[in-house]
1. Could you tell me whether LEU61 is under 15 Å from the mean Cα position of the chain (by Cα), of a type outside the set (Gly, Ala, Ser), surrounded by 12 or more Cβ atoms within 10 Å (Cβ to Cβ) and at pLDDT below 95?
2. Which condition from (1) in a helix (DSSP H, G or I); (2) surrounded by 14 or more Cβ atoms within 10 Å (Cβ to Cβ); (3) of a type outside the set (A, V, I, L, M, F, W, C); (4) over 15 Å from the mean Cα position of the chain (by Cα) is the one that THR51 breaks?
3. So which of CYS8, CYS39 is hydrophobic (A, V, I, L, M, F, W, C) and within 28 Å of PHE76 (Cα to Cα)?
4. Of the residues ILE24, ILE28, which single one is in contact (Cβ under 8 Å) with a residue 24 or more places away in the chain and of a type in the set (Val, Ile, Thr)?
5. Only one residue in PHE76, PHE107 is surrounded by 13 or more Cβ atoms within 10 Å (Cβ to Cβ) and either within 17 Å of ARG29 (Cβ to Cβ) or among the aliphatic types (A, V, I, L, M) (or both), so which one is that?
6. Looking at VAL137, VAL115, VAL120, VAL90, which one is of a type in the set (A, V, I, L, M), modelled with pLDDT of 90 or more and either in contact with a Cys (Cβ under 8 Å, 6 or more places away or on another chain) or more than 26 Å from LEU61 (Cβ to Cβ) (or both)?
7. Suppose the filter is under 17 Å from the mean Cα position of the chain (by Cα), free of Cβ contacts under 8 Å to residues at least 40 places away in the same chain and either loosely packed, with under 14 Cβ neighbours inside 10 Å or part of a loop (DSSP other than H, G, I, E, B) (or both); does PRO122 pass it?
Amino acid sequence: MGIGSQTCELCVNAGGVVLWRSDICRVIRVDDAHYPGFCRVIWNAHVREMTDLDSARQVQLMRIVFAVEAMIRRLFSPDKINLASFGNMVPHVHWHIIPRWQDDRHFPEPIWGKVQRELVGPRPTVSDDAMAQALIVALADIERG
């Protein structure tokens, strides 16, 4: 995959169900039955690294990431949250916010690691609409700047 808006997957596709969007970024829900509540915060413009953003934008983006984390904790009550920003496969700034449970498929490995177990406990069911509404409230002051 090349670099740039015409060939970047996150420039040409939403990346999942859009729960919230602003001029600078969007929050999407990842369709993963094993990790309900898994979200990504994706910078809208094609930017390769966090340090390509000025310091004010870096802070603004991380405030959004932390607000998404808080929303996931409140709605899903996971044992842990994993935050990750790789960009190895898609060099476009985005953050993964992943709820984790001690009995999930991969724990204590990362979700991209070796499966540790197939049978897992029940998980909270939260609709896209409920998550979107929670984000609207949580992110209202950040969007204003």
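1. So LEU61 fails the test.
2. Going through the list (1) in a helix (DSSP H, G or I); (2) surrounded by 14 or more Cβ atoms within 10 Å (Cβ to Cβ); (3) of a type outside the set (A, V, I, L, M, F, W, C); (4) over 15 Å from the mean Cα position of the chain (by Cα), THR51 breaks only (2).
3. After applying the criteria, what remains is CYS39.
4. ILE24
5. Step by step, each of PHE76, PHE107 is checked, and only PHE76 is surrounded by 13 or more Cβ atoms within 10 Å (Cβ to Cβ) and either within 17 Å of ARG29 (Cβ to Cβ) or among the aliphatic types (A, V, I, L, M) (or both).
6. Details: VAL137 fails: either in contact with a Cys (Cβ under 8 Å, 6 or more places away or on another chain) or more than 26 Å from LEU61 (Cβ to Cβ) (or both); VAL120 fails: modelled with pLDDT of 90 or more; VAL90 fails: modelled with pLDDT of 90 or more.
When all the criteria are applied, what remains is VAL115.
7. It is false that PRO122 is under 17 Å from the mean Cα position of the chain (by Cα), free of Cβ contacts under 8 Å to residues at least 40 places away in the same chain and either loosely packed, with under 14 Cβ neighbours inside 10 Å or part of a loop (DSSP other than H, G, I, E, B) (or both).
The values are calculated or read from the model by the stated rules, or taken from the named source; none is laboratory data. Bear in mind the structure is a predicted one, so any value in this text is a computation, not a measurement. Ideal geometry is used to build each Cβ from the backbone, glycine not excepted, and the neighbour counts take in all protein chains shown.
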